[in-house]
């Protein structure tokens, strides 16, 4: 019988919770403001972890600086994760910016605009066709 979740998935979920708490409570750098952990992906051998984060201030300059700060603080974060979780080896962590939320908002806006334009064209067509009769 196959397991529903692999060990890597379970470790990733636990790391996501722990890193979110660490970034919120322990990391005191003012350049990292309102950081949210959106996803953690752990390799099958549990040696590497990619941590995807989003920020409230999504300007490219601030995101670049915050990612750089987080990647420099990786030793601290890894130590804190090691204390919180009972793992033989704590995965090497690398932080990445997750832009999927921004892209989703852009797509949603485009879809809304297209629907509105389509409805306007439909009303215009109905008005023109009712005027011909």
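The values are calculated or read from the model by the stated rules, or taken from the named source; none is laboratory data. Nothing here was measured: the structure is a model prediction, and the numbers come from that model. As a convention, Cβ positions derive from the backbone with ideal geometry for all residues, glycine included, and neighbour counts pool all protein chains shown.
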Check: Would you pick out the residues in the stretch 39-57 that are surrounded by fewer than 14 Cβ atoms within 10 Å (Cβ to Cβ), under 19 Å from residue 27 (Cα atoms) and in contact with a strand residue (DSSP E or B) (Cβ under 9 Å, 6 or more places away or on another chain)?
Finding: 56
Margin query: Quick check on residue 23: is it surrounded by 14 or more Cβ atoms within 10 Å (Cβ to Cβ), farther than 27 Å from residue 105 by Cα and not assigned by TED's automatic domain parsing to the domain that holds residue 106?
Written below: no
Checklist line | Residue in the stretch 108-125 that is under 22 Å from the mean Cα position of the chain (by Cα) and either in a loop (DSSP other than H, G, I, E, B) or within 18 Å of residue 17 (Cβ to Cβ) (or both) present | finding: no
Notebook entry, point to check: Going by the structure shown, is residue 69 in the same structural domain as residue 14 (by TED's automatic domain parsing), without any contact (Cβ under 8 Å) to a residue 40 or more places away in the chain, out of contact with any helix residue (DSSP H, G or I) (no Cβ under 6 Å at 6 or more places or on another chain) and buried (at least 16 other Cβ atoms within 10 Å of the Cβ)?
Noted result: no
Note to self: Scan the stretch 74-81 and tell me whether some residue there is in the same structural domain as residue 25 (by TED's automatic domain parsing), without any contact (Cβ under 8 Å) to a residue 24 or more places away in the chain and closer than 17 Å to residue 11 by Cα.
What the structure shows: yes
